[in-house]
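Encoded as structure tokens, the structure appears first; notes follow it.
The values are calculated or read from the model by the stated rules, or taken from the named source; none is laboratory data. Note that the coordinates shown come from a computational prediction; the quantities given were computed from them, not determined experimentally. In this analysis, Cβ positions are derived from the backbone assuming ideal geometry, glycine residues included, and neighbour counts consider all displayed protein chains. Ligands, DNA and RNA are stripped out before the accessible areas are found, and what is left, the full protein with its side chains, is counted by its heavy atoms. Shrake-Rupley method; radii C 1.70, N 1.55, O 1.52, S 1.80 Å.
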Amino acid sequence: MSFIEERKVLTREKRVGALSHFNGTLETLKGETERTEMKQRIRTMTQVSNDEIILALRTLSKIEGAAVIVHGAIGCSASGLFFEREKPFFWYSTNLNERDTILGGDEKLRKAVLRAYDETGARVIFIVGTPVVAINNDDVNSLILEMEEDLEIKIIWIYTDGFKSKAAVTGYDIISHSLLRYLVDRQIGNLEKKEPVVNLLSFSEKKEDLRSVLAILKDLGISYQVLPQYSDVNTIKKAGAASATIALNPDEGGYFAEELEEVFHVPYIRTEVPVGLRKTKKFILKIARELGIEEKAEDYIKEEETKADFAAKRAPLAGKTVFLDTELSYASGFVELIENLGGTVEGISIPYVDLENRKVLKKLSSLKSAAPVIIANGQPFEKANVISKKKPDYDIGEEAAAFASEFGTVPVSLANRTVLGYEGVRQLVTLIERAGIYPAGKNGIYKKSWLAKSGNWYVKQEVK
Amino acid sequence: MASVIEKPRNGCALHGAVQTIEEIRGVVPIVHSNAGCAVQNYLSKKAGGAYHGGICGYSVPGTAVQERHVIFGGASRLREQIKNTLKVVEGDLYIVLNSCESSMVGDDVSAMAKEAQEQGEPVIDSLLAGFHGDVHAGYEAVMADIMEKIPLVKKIETKKEERLVNIFGILPQQDIYFRGDLAEIKRILEGIGLKANTFFGSSGGVKECEQAGNAALSLVFSRWGLKAAEALNTSCGVPYLVTDIPTGLEEVSGFVNRVLETLHIPEEAARPFLEKEAEEFYYYFDRLEEEFYELHYNRTLALVGDESNVVKLAKFLKHYFLAEIETVIITDFYRQEDLTEDKKAEELKSLAEEIRFSKDRREIRNLLLHSQAELILGSSLEMEAAKKKGIGNLEISYPVYKRAILQKTYTGIRGAVALAEDYVTKIKEMDD
């Protein structure tokens, strides 16, 4: 069912029943997620975590030809400094102060739009919402209507607010919805003859991730366009003209891809994240089958697998245990890869599970049914609880789990590296072979009494 | 009216409070905001070269306010969070911080902190919301709150220490050299027989906050430290001295003498120390003499940064290298109009030809492009202007993207030598 005519996309909780809080075993979680409705929980103790605004900004900062206005207090755009380390982008803060929270920030927003228009040459201006604006209810839509007409430029409201969803990934849905509704050209999309190019949807992948996956597509001679991040406004406009869509991470890009399929008739090649040898092979073959290049793909896979297998055979995890911190869409491939490298996954942390991706849990069949599972966006204190008890040899995840080293667990961070594709296998092997504990003075921040407790004492079921 | 800003280099008041607390060992922030507020600061500081440790980043406890808390109020959620943070996170002092949401909704944050206090827990609050200002306002408020409220939750023996001095006004993380600055000021004070409460750095922590009221003097190195010093003055009668951050022999000597005079200690007490410092300073500084003439250190400069640091550097470079300070752009201020009557503004006028106030990256860039500067001393955000002009940019202010700064300082005697090294290196790189 298409949501494109809706003014706003529903949060992940409302759309697919996303569950962001859980602390228990794999068996319990599987049992709970098999039901028609997943029981929502709330944490009575939390640590700060990424929200939809941060995720939205991350992706928007990588769209060429756009200017971003963060409509809120000055701190709501602070992460801009982080996102522009890789490549500068245009961003403004409306810098709302107390007076604006009472009397409204419309005038400042108008000034910001005018500045972005005059100073940047942007073809699209994105206005990112923040808690202040959501609470004081600025009429952003009227301002957009008026200014779009005056300036003849596309102005798009990214209606993030930072507090309506616990699943930060909702930020990608909001971007997708806004881009599909206001930027992707419907006339181009409705053309019967499609361009011989494949959309590769990417929202959060690092450039190292893309480099690895794009190498595969290039080697297979597949013509592609990456979007929405690492793309251009014009590329996004033409998304409907592509001959197919691949979502690199279906949990992030699935919404965009499904809408493209339903509304713009661009076939969605439903792939899984290419982590590990088997999932990478599956990823390539699925695409190759759709594009009619199976034979070529099989030869390519054989060649690449031999090279990657050479690294995997070094089995750097032989006899070792791992706590894995990843997204559910990565989990089954990642677990398999760790096992291929000789290791055993003892516990896992994922940011959320929902009605669409819960089937992945069944694929984690090699894990013990009593394996600890945490569903949490961040929340290192919970992971510290598990790691202090299980004492796995390695903690593998995107963020450096420095806290794990206190318990003798070696943190392996995937930051600035990739685990995708064949290159991902090689890089993970090297990362593990070189991993070690930084000899810092250890000052644990968590109380021993907490670490001795069961990890789920603070998660309660939501009262409706 | 605060205006629209392109690429703001400063976060909000909440961010200022969080980063201040992160740097005081033993203090745990509890942020009453939506999940991402403090993460915005974490990412910004990670990029800008903060090198924070302890309770920071994703380990900061926070209520992760949801829609229901915005609609029905989030006080009970905060109560729950305070209670559980006390159970989970080690700390000697817990500080509940307000945010834009909780301020707009009207959550009674103070009442929740007070409840915990009544149960004997070391919990205080600081109520500045993000929209009340930028990071500097956050430092200003939270340091004043700590000074005012710590006696409510700690048993502090009142015992005046005649040689103890508090240091306020050097902002952790925002001053990219704050660790080194504090260490050097501490070294100088110890050199003249005093003890320094730096609050931050390797010797800082909750104990120093507790002892602040017993100090003989507070030193205020920027306008942002004034409120904390005044709070201590009111509550404990600790006098304060507003002074510039000293760099170079003359400034350090002047600073030392002013401190001693305020404490009624004879200047002679500092003579052996200052003589030794002079010896060290000139030992290094004399080595630049030949190059000073040949490489023409007396360049035309533009400085961009927080007022206290810019004044410090401008004074040094003007005095020792005869540099011409053409443009100074101040990036920390409440409102521009407040500054026209400011004493600092007068001092700045004596140092530079043109004084501007801006937090807007584009405006700063344009000012720099139109200047005659031969070298910029600014942040990484000024790199673009420097490149366009084909000149160097020595990074002296936040953010700094590509340098690791842990102990380095441009303060005091050792900082003066480090500054000279970096300044001369930049000149050589440019002249290549």
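Structure summary
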quantity	calculated
Accessible surface of the range B:1-108, 1.4 Å probe, proportion on carbon and sulfur as whole %	50 percent
Shielding score for B:87-98, defined as the mean number of other chain Cβ atoms within 10 Å	3
Segment residue A:457-residue A:7, extension gain: residue separation times 0.36 nm, minus the distance between their alpha carbons	158.1 nm
Cα gyration tensor shape of the range A:159-275, rounded if a/c is under 1.5, else prolate or oblate by comparing a/b with b/c	oblate
Normalised contact order of the range B:276-382, rounded percent, pairs of Cα under 8 Å and 6 or more residues apart	32 percent
Summed residue charge, Cβ within 13 Å of residue A:230's Cβ, Lys/Arg positive, Asp/Glu negative	0
Cβ-defined net charge surrounding residue B:15, 9 Å radius [Lys, Arg +1; Asp, Glu -1]	0
Ordering of B:209-215, A:24-30 by packing [mean C-beta count within 10 Å, highest first]	B:209-215, A:24-30
Relative contact order of the range B:78-179, defined on C-alpha pairs under 8 angstrom at six or more residues apart (%)	24 percent
Antiparallel DSSP beta bridges within chain A, as percent of all bridges there, nearest 5	15 percent
Protection-proxy order for peptides A:145-154, A:231-240, each taking the mean of Cβ atoms within 10 Å per residue, highest first	A:231-240, A:145-154
Residue-averaged [θ]222 nm for chain A, counting only DSSP H segments that reach four residues, each worth -39500 (n - 2.57)	-12500 deg cm²/dmol
q = 0.13, 0.15, 0.19 Å⁻¹: log10 I(q)/I(0) that the Debye formula gives for the range B:1-140, counting C-alpha atoms only	-0.51, -0.68, -1.09
Carbon/sulfur fraction of accessible area - the range A:29-127, other protein chains in place, 1.4 Å, %	49 percent
Ranked packing of B:277-283, A:45-51, most packed first, by mean Cβ within 10 Å	A:45-51, B:277-283
Average other protein chain Cβ within 10 Å of Cβ, residues A:66-76	6
Prolate/oblate/rounded call for chain B, Cα gyration tensor, a/c under 1.5 rounded	oblate
Mean-position separation - Cα centroids, the range B:402-421 and the range B:1-31, in angstrom	24 Å
Gyration tensor (alpha-carbon) shape descriptor, the range B:297-401, a/c threshold 1.5	oblate
Principal axis box of the protein assembly as shown, alpha-carbon based, largest edge first, Å	88, 59, 59
Local electrostatic count, residue A:312, Cβ distance below 14 Å [Lys/Arg +1, Asp/Glu -1]	0
Shielding by other protein chains, A:95-108, mean Cβ within 10 Å	4
Coil-residue GluC sites (Glu not before Pro) of the range B:106-160, DSSP, other Cβ within 10 Å capped at 10	B:157
